[in-house]
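The block underneath contains the structure these notes are about, expressed in structure tokens.
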Amino acid sequence: MAWHHAAVSDERITRGMEHQLADLRRTLGRDERPLGWKLGFGTEGAMKSLGIDAPLVGHLVPAARLESGAVVDISNWGSPKLEPEVVARVGENGEIAAIGAAIELVDPDTGVRDPQEVLEANIFQRHVLLGPVTEGGDPADARLSVLVNGAEAASAEDVTEATGDLDGLVKHVAETLKAAGAELERGDMVICGSIVPALDVAPGDTVEVRLPPHGSLTVSFE
């Protein structure tokens with residue numbers, strides 16, 4: 001899957017990224033860096049629904065990070081969803097240096113179909129869990145299995161089938177940020193979009209995301 005990187009010249013994207021990055025600057029401490037970046041609405045169907053031709057880019061902040069085993073109160077969320085993802089750590093020259101398992105928790109407003117509004121809402125990001133990363137890991141070796149309350153609810157043999165090539169995704173993040181006056185830096189973590197359609201979750205659920213040989217993550221909800 002390839003994208004037309006001219007998408008970053010879309011005025012809706014430009015305005016949305018300006019707003020989002022201004023919010024990010026206000027959120028972070030003076031010397032604090034974002035934890036990293038996220039990609040969303042990257043499947044062909046999702047891009048078509050928003051009238052875009054490349055995934056949207058959002059940000060991750062340290063305060064939103066949870067550790068594996070966390071319990072999350074979603075009782076006041078409108079539409080809680082869990083996305084199993086691959087996280088890529090950016091290397092010296094913008095390449096992918098390592099990969100691992102990730103979980104993103106989102107609370108999307110299903111009525112929003114304007115990409116500017118989606119970007120201003122940081123693509124509905126609420127929390128992220130990042131597992132240990134494997135130096136030089138190859139996504140072709142990874143397999144996904146998602147267990148909800150002990151029963152397999154989703155799986156994938158090819159973890160890039162829905163999202164596209166991870167190198168291309170990270171390059172797209174770099175180009176999008178550059179167009180918005182920001183920069184992808186060494187050590188940044190990039191979560192690359194949901195490997196399978198987002199899973200609905202409810203209070204009482206426990207979800208385990210397995211991404212062998214790159215580890216697993218668990219999160220519970222109340």
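The values are calculated or read from the model by the stated rules, or taken from the named source; none is laboratory data. Note that this is a predicted model, so its numbers are computed, not measured. As a convention, Cβ positions derive from the backbone with ideal geometry for all residues, glycine included, and neighbour counts pool all protein chains shown. These accessible areas exclude ligands, DNA and RNA; they are computed on the full protein's heavy atoms, side chains included. Shrake-Rupley method; radii C 1.70, N 1.55, O 1.52, S 1.80 Å.
Key figures for this structure:
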quantity: Separation between Cα centres of the range 52-127 and the range 6-51, rounded to whole Å; calculated: 11
quantity: Computed [θ] at 222 nm, helices only, for the chain once each DSSP H run of length n ≥ 4 contributes -39500 (n - 2.57); calculated: -6000 deg cm²/dmol
quantity: Inter-label distance for residue 145 and residue 161, nm, one decimal - labels placed 7 Å from Cα along Cα-to-Cβ; calculated: 1.7
quantity: For residue 31, net neighbour charge (Lys/Arg +1, Asp/Glu -1) across residues whose Cβ lies under 15 Å away; calculated: +2
quantity: Using a Förster distance of 35 Å, the FRET efficiency for residue 11-residue 92 (Cβ separation, nearest 0.05); calculated: 0.55
quantity: Whole-number accessible area per residue in Å² for the chain, which is evaluated in the context of all protein chains at 1.4 Å; calculated: 46
quantity: Burial order of peptide ranges 23-33, 78-88 (average beta-carbon count within 10 Å, highest first); calculated: 78-88, 23-33
quantity: Relative contact order (%) - criterion: Cα under 8 Å, at least six apart; region: the chain; calculated: 29
quantity: Stretchable slack from residue 178 to residue 31, in nm (0.36 nm times residue separation minus alpha-carbon distance); calculated: 50.9 nm
quantity: Accessible carbon and sulfur surface of the chain relative to its total accessible area, %, 1.4 Å; calculated: 47
quantity: Potential lengthening between residue 113 and residue 71 on full extension [0.36 nm per residue; Cα-Cα distance subtracted]; calculated: 12.1 nm
quantity: Ordering of 126-136, 188-198 by burial proxy (mean other Cβ atoms within 10 Å per residue, highest first); calculated: 188-198, 126-136
quantity: For residue 103, net neighbour charge (Lys/Arg +1, Asp/Glu -1) across residues whose Cβ lies under 15 Å away; calculated: -3
